[in-house]
Every structure is written in C-alpha cells, then in structure tokens.
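The values are calculated or read from the model by the stated rules, or taken from the named source; none is laboratory data. Since we're looking at a predicted model, the values are computed, not measured. Ideal geometry is used to build each Cβ from the backbone, glycine not excepted, and the neighbour counts take in all protein chains shown.
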Ligand SMILES: Cc1cc2nc3c(=O)[nH]c(=O)nc-3n(C[C@H](O)[C@H](O)[C@H](O)COP(=O)(O)OP(=O)(O)OC[C@H]3O[C@@H](n4cnc5c(N)ncnc54)[C@H](O)[C@@H]3O)c2cc1C
C-alpha cells in the first residue's frame, strides 16, 4: 500500500512556525490535547477512532469524496460510516504508539484555535461548511510547511483507502471486485489462527 | 497428521519449550531453514509474531489484508516519516504476501559482495546451484501470460530499444487472479506458508504464532534460547504471557529492521557498533499513466516483466541505478498514489481501468554516497529505521521518473504523471521531460516506499564492517546465526526473494553439516 503518512507530533506542530506556535502556546491548550485524547477513548463499537477523529472524518470524507459518493442521501451517509469503520479497523491494528499519533493528529485538529486559525474552519467539525473544509484541505495540500502537507496526506489517505476498499466505490470505477472467493467476510471478523492440518492447539 | 502449533494469543499460562534450534521468523529465510533443519532430524521451534492465516482467510479486501498481514498496516514508517516500508507479518512472512517474481541475484551484486566484503561462497558460479535447488523446490518457472500492464512495459521498452525480460514466478497452477499482495486464496503461490513450513511441521517442527521473540538469552559468548512475549489476536497488545524456549542454537530470521532490533534488544555484543547499520530499501517510486485502452492492471500476475536497462548504467559504484517493473494494484492502493481529492480523485477513479503504473527500484549500498539507513530501538522496543533520502537517491528518483515516463509514452500513454503531489498529468514526452527536470522532490509529496528492506546485520569476513560471517554466524557469539534478508551487505538490485531463499538454503545446509548431521538429499549440491 502506498505511503500513508501519519506524521504529526506536538513538537512538529510547533515547528509549523510563528503562526502555529503562537496559536498553540497562547491558547495554552497544549496540555489540553492530551486531555482530549484521554477523555475521548474509543467509544461505542469503534475500536480505535475517538469521537474527535470520527467528527473530523465525517466532515472531511464528503469533501475528499466529492463527486464519488452515491447521490442518495441515506446511501451517502452510510458510505461515510463505512469509511469510518474501515479506518477504525485499520488503526486498531497499528502499534499503539502509531495509533496514538494518529489520534493526536485528530485531537489537535479539534482544538478550536488550530481549527479556526490554522485550518480556517469556523464551525465545529460536525457543523463545518464543505466549502471551508475544501479550502482547508487544498490549503494544507499546497502548504510550504511539510507538517501541514503531511496532515493533509494522512487525512486524504485514510479517507480514500477507507472508501476505495468498499464495493460501492467500485461501481463508478467499472471494477467488478475481487474474484468471488472473497467478499463474504465482514470487515471486523477475525479468523486468526486457523489450524488447517488437524493441529494441536495447547 | 498432527502438528504441534501454539497460538500465543490463546495461551492461558506462560510456556516453556525446548528444542535443538529456535528459528525466529517464518519468512523466506526462516521457512527454508526450518524445512532443512527439521528434515535433518533437529527438533526445530519456529517463533512467529504474525498469525497463521491460510487460503480461506485471504478475502482479497485491501484494508483488512494490510491491517492483518503486514507490519504496521503496510506502512511502517521511517524515522522522519518520509518512506513507508512494507513487510509481511504472518506465518510465511513476506512470502505470504509477495508478488512471486523470482529472479536470481545479479552477478554484479554477487561479485561486489565477494570483492568488497570478502564473502566466501557467493560468486555467481558458487551460488548457481543454490538458485537451482530453490527454483526446483518452489516451482519457479518462466511466466509468459503477461497481463496488459506488463505487456505495456515490454512494448515501451522494445520501442525504445531497452533491455527487458520476463520474470519467472514461484507458482503452481496459477490462474493469475492478480491479488498476490493480499495472500493467495487458492494456494497457487508457492510461498513458505504452503511449502517449507508444512514440511517442517510434518518433520516434527513446532510452531508458535503470535509470539514475538523479545530477547535472545545471551551469557558471555553463548546463547541459550529466546524469551518471547505473547500478542493478542490483533497482534497489537502484549497479553502478559511469556514464552521461554531453551535451545543450543538460535537462528534469527525476522527480516531487516526486525532482526537487528531483536539483537539490539538482547544487548548482543557489538564492539564496532555495526548492528542496524547499512539498512537498505531499494526505494520504490512510481509513474502513473492513463492509457487509451483498458489495462485492467489488477488482473493477472502483478509483476512479470522487468527492464534492467538502467540498473548498472553508470557502473556498479556509479550513480544510482534502478530497475523498472509494472505494478498491479487494487483500487484503494491505486487511488492512494495520487493523494488527490474531490473531482480530481473522482476523475482518477473513472480512469482506473485504463491506469498503468510503473515502479522503479533504486539499488542502494554500492556507493559511498549510499550508506543506507540505521535501525535503532523505539521506546516500545520495536525497531525504528532512520533512512534519510540523500542527493544520491534523489538523483535516482528524478532519473527514473524520466525513464518511466519515456517508456509509458513509447507504449502509447495518453497522459503520464509521476506519483508526486507536485506533478501534473503530462500529455507528451517532451512536456514530461521538461517538467520532471525541475520537479521538486520533497516529503511527503514524492511518494516513495519499499517492499524490499534489506541489510542491518551485514555479512562479511571483517567484523569491523559486518555483523555475521559468510555462513551467517554472528561474529561475537558462538551459537547464533542470522539467516534472512538482513544479512545482505547491500541491496540486491532486483526483487530479493529468490536471493534470500538461495542464501538460506546455503547457510542452513552448512549449519546442518557443522552440527554433524546429514543434509537432506534435495539440498545437497556439488
Ligand atoms: C508486498 C510485497 C511484495 C513483494 N514481492 C516480491 C516479489 O515479487 N519478488 C521478490 O523476490 N520479493 C518480493 N518481496 C520481498 C520478499 O518477499 C522479501 O524480501 C523476503 O520475504 C524477505 O525475507 P526475510 O526472511 O528476510 O523476511 P520475511 O519473509 O519478511 O519474514 C520475516 C518474518 O519474521 C517475523 N518476525 C520478525 N520479527 C520477529 C520476532 N521478534 N519474533 C517473531 N517473529 C518475528 C515476521 O513477522 C515475518 O513473518 C515482496 C515483499 C512484499 C512485502
């Protein structure tokens, strides 16, 4: 799989420059990032995605996938949830330190000063206007700061991988899906450690 | 037949076992060693941190497959996050998910190893019988049913007068489903999962899955076995159960990054600080073309043609050389090369079936300007590779972008675009040439990754520059060998699988003889 750059740390974010560090330090919220992470553990049936991460993905997925998602509203909403499921499953299988880094990226993005001043998104993520989200993504994509480009790549990668792994995404691609053996297994099911040769399991 | 297999995630108590030889890792190196040693009558204990996935688990869906069968979801990142490294983590190791191209080590590489590192037994002539043995064992044979994706590479290369050839594959009755990287659901791929490991089990070898070797137990200049930690079903958390395996010989075969990490965790004697140094990646970079006709690159053997036109172009020690191959990719992977969003992404998706991707792999380690990267330990005791992208590598990336674009236009491409966020689709070779000449190469915009990490426990006869000798034996310990891709003193220059199989066959048989047993007949050469 091509590189998914999960590359953010508070230290790096501080390197974003005067604007970034001023935002973070004057807001005095650096400690808060950790608290958000700790206070928002994977809820409900999600294994790894915190509610902060879910909010952000729900806001950006329709923008990343503009022109790709089904037009039916219910199907659209369901597709976005499927993307979240896939991302959650994926993150849940990463080493905890990597998973924590991804979660930290989400936590930072959900800090109001970062969201407003660095991303230019005025409303909280669940209410964010798609046009603002698009501007944010395109802005970070072309940023001269490597860190912001990395966050863009991380968000883009998570959404696009989560979407293009779904049968619904394949229809407009003209792709019929993998050869039949395979589509029956739901994402979350674990088939680890089968014993194909009549083995002893102690 | 009953096999002795323990699943670490299900252990209800700590476990202690004893054997003649512990093998850490069940990939290309570990699998071959396990078969040879078990068939020679040793009680072999295999320790594998991945799970035992088999044909029916290979659903061919990308997200679950990358999550389950690869280290860190297939994007283990280098220290500065600039490069994603793909390594299998499963019974069978990377061979369970590799693409089956089975090509011999180039003679230039073998000669370089012999001349520069004083390796013994690695001349092209000495290695030839080992390649033959493994080609026989793993059913390596020429592949002629090239899919359109590979045929396009051949056509482009032919038009330009480049050298190119078909790649043999280690498959049996393969209908070319085209999903090798997600595991073979019909056992056509002759990976370690279906060849050497079942044979080793048949000969009494023991297999522990979801157990990570945490330390080799070392006292003075001897090892006494290993200590392992059990992992949960997802392979993420430690369950708290510990495993201890007593054995008078230990083979480390965890692959690059992991093998040096294990030895670093174990505080193995390393007087010249060589452990983890000179780790190579054969960095892969990509070029994406849209063809006028359907390509359907996801069907058929993913990689069956390569061109080595540029591999040794400027001499073995000269500028970065690279070989070029085609890439078969499923939708999620393909769409992720572009890092685009919105209408641009939707348009790329609509061109999916006409997408043709080439990869060039830059050989590293043959020049002083290319010392590779260094593995150290993270705070959670996993290996961490620091691999800075140097000017030498940049030169290889730019030059291979040019070669790939030229080839794709020669094959009739409508547009070509390097997998680089700063690039645009170009409609002519002249336009591409001018744009690529000044394209910025920067992280993370320039998409680079590797499926071929190698080195870090380099072979050599001089302990000042190497970790193990030509037989894979650790310079500073009496009864430990490293037998996997981590022992390569440089990268290979081509896909490394067969090189590792042949190396392992040579090393394991040498070990059997040194320990006073008889080598199985199929593995006797000369
Ligand atoms: C997607 C992909 C495609 C590829 N395609 C090709 C191809 O077409 N042709 C080719 O020649 N090569 C290919 N390769 C490369 C080739 O498969 C590898 O170079 C080769 O398998 C490496 O062999 P190895 O023995 O060094 O390690 P691996 O085969 O990677 O095996 C190492 C094993 O050790 C286990 N392990 C590591 N550390 C520990 C520990 N501490 N405790 C317990 N277990 C541990 C790992 O889980 C793993 O299973 C590909 C690789 C990938 C990832």
Open item on the list: Regarding segment B:181-201, can at least one residue be identified that is touching a strand residue (DSSP E or B) at 6+ places or on another chain (Cβ under 6 Å), surrounded by fewer than 21 Cβ atoms within 10 Å (Cβ to Cβ) and within 14 Å of another protein chain (Cβ to nearest Cβ)?
Closed with: no
- [ ] Report whether or not residue B:138 is under 22 Å from residue B:453 (Cβ atoms), free of Cβ contacts under 8 Å to residues at least 24 places away in the same chain and within 16 Å of the ligand (Cβ to nearest atom).
- [x] no
- [ ] Check residue B:104 against each of (1) away from every other protein chain (no Cβ under 11 Å); (2) buried (at least 24 other Cβ atoms within 10 Å of the Cβ); (3) within 14 Å of the ligand (Cβ to nearest atom) and name the one condition it does not meet.
- [x] (2)
Open item on the list: For segment B:235-260, give me each residue that is away from the ligand (no atom under 14 Å from the Cβ), more than 25 Å from residue B:481 (Cβ to Cβ) and touching a helix residue (DSSP H, G or I) at 6+ places or on another chain (Cβ under 9 Å).
Closed with: B:237, B:239, B:241
Open item on the list: Considering only residues that are touching a helix residue (DSSP H, G or I) at 6+ places or on another chain (Cβ under 8 Å), more than 7 Å from every other protein chain (Cβ to nearest Cβ) and without any contact (Cβ under 8 Å) to a residue 60 or more places away in the chain, which ones fall in segment B:341-363?
Closed with: B:348
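So, residue B:284, is that one modelled with pLDDT of 95 or more, within 20 Å of the chain's Cα centre (by Cα), on the phi < 0 side of the Ramachandran plot and facing chain A (nearest Cβ under 10 Å) or not?
Numbers: modelled with pLDDT of 95 or more: yes; within 20 Å of the chain's Cα centre (by Cα): yes; on the phi < 0 side of the Ramachandran plot: yes; facing chain A (nearest Cβ under 10 Å): yes.
For residue B:284, the condition - modelled with pLDDT of 95 or more, within 20 Å of the chain's Cα centre (by Cα), on the phi < 0 side of the Ramachandran plot and facing chain A (nearest Cβ under 10 Å) - is met.
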- [ ] Determine whether residue B:50 is closer than 24 Å to residue B:141 by Cα, in contact (Cβ under 8 Å) with a residue 12 or more places away in the chain, crowded, with 23+ Cβ neighbours inside 10 Å and within 16 Å of the ligand (Cβ to nearest atom).
- [x] no
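Applying the selection to segment B:3-30, what residues are more than 13 Å from every other protein chain (Cβ to nearest Cβ), under 29 Å from residue B:496 (Cβ atoms) and more than 13 Å from the ligand (Cβ to nearest atom)? Full working, then the answer.
Restricting attention to segment B:3-30, the residues satisfying the condition of being more than 13 Å from every other protein chain (Cβ to nearest Cβ) are B:18-30.
Still in the list and also under 29 Å from residue B:496 (Cβ atoms): B:19-30.
B:19, B:20, B:21, listed by residue number.
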- [ ] For residue B:495, indicate whether it is more than 9 Å from the ligand (Cβ to nearest atom) and either within 14 Å of another protein chain (Cβ to nearest Cβ) or closer than 16 Å to residue B:98 by Cβ (or both).
- [x] no
Task: Count of residues meeting criterion [under 23 Å from residue B:422 (Cα atoms) and part of a helix (DSSP H, G or I)] in segment A:110-130 - done: 1
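Return the residues of segment B:442-451 that are touching a helix residue (DSSP H, G or I) at 6+ places or on another chain (Cβ under 8 Å) and near the ligand (Cβ under 10 Å from one of its atoms); say none if nothing qualifies. Reasoning before the result, please.
Taking segment B:442-451 as the starting set, the residues that turn out to be touching a helix residue (DSSP H, G or I) at 6+ places or on another chain (Cβ under 8 Å) are B:442-446, B:448, B:451.
The answer is B:451, and nothing else.
Would you check which residues across segment B:309-340 are facing another protein chain (nearest Cβ under 9 Å) and not in a loop (DSSP other than H, G, I, E, B) and list them? Explain how you work it out, then say what you get.
Here is the first cut: in segment B:309-340, the residues facing another protein chain (nearest Cβ under 9 Å) are B:329-340.
The answer is B:331, B:332, B:333, B:334, B:335, B:336.
Could you pull out the residue among B:245, B:290 that is surrounded by fewer than 22 Cβ atoms within 10 Å (Cβ to Cβ) and at negative phi?
On the way: B:245 fails: surrounded by fewer than 22 Cβ atoms within 10 Å (Cβ to Cβ).
Exactly one residue qualifies, and that residue is B:290.
Identify, from the list B:67, B:28, B:55, the residue that is out of contact with any strand residue (DSSP E or B) (no Cβ under 6 Å at 6 or more places or on another chain) and without any contact (Cβ under 8 Å) to a residue 60 or more places away in the chain.
Exactly one of B:67, B:28, B:55 is out of contact with any strand residue (DSSP E or B) (no Cβ under 6 Å at 6 or more places or on another chain) and without any contact (Cβ under 8 Å) to a residue 60 or more places away in the chain, namely B:67.
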Open item on the list: Go through (1) within 16 Å of the ligand (Cβ to nearest atom); (2) assigned to a loop (DSSP other than H, G, I, E, B); (3) closer than 21 Å to residue B:28 by Cα for residue B:131 and report which single condition fails.
Closed with: (2)
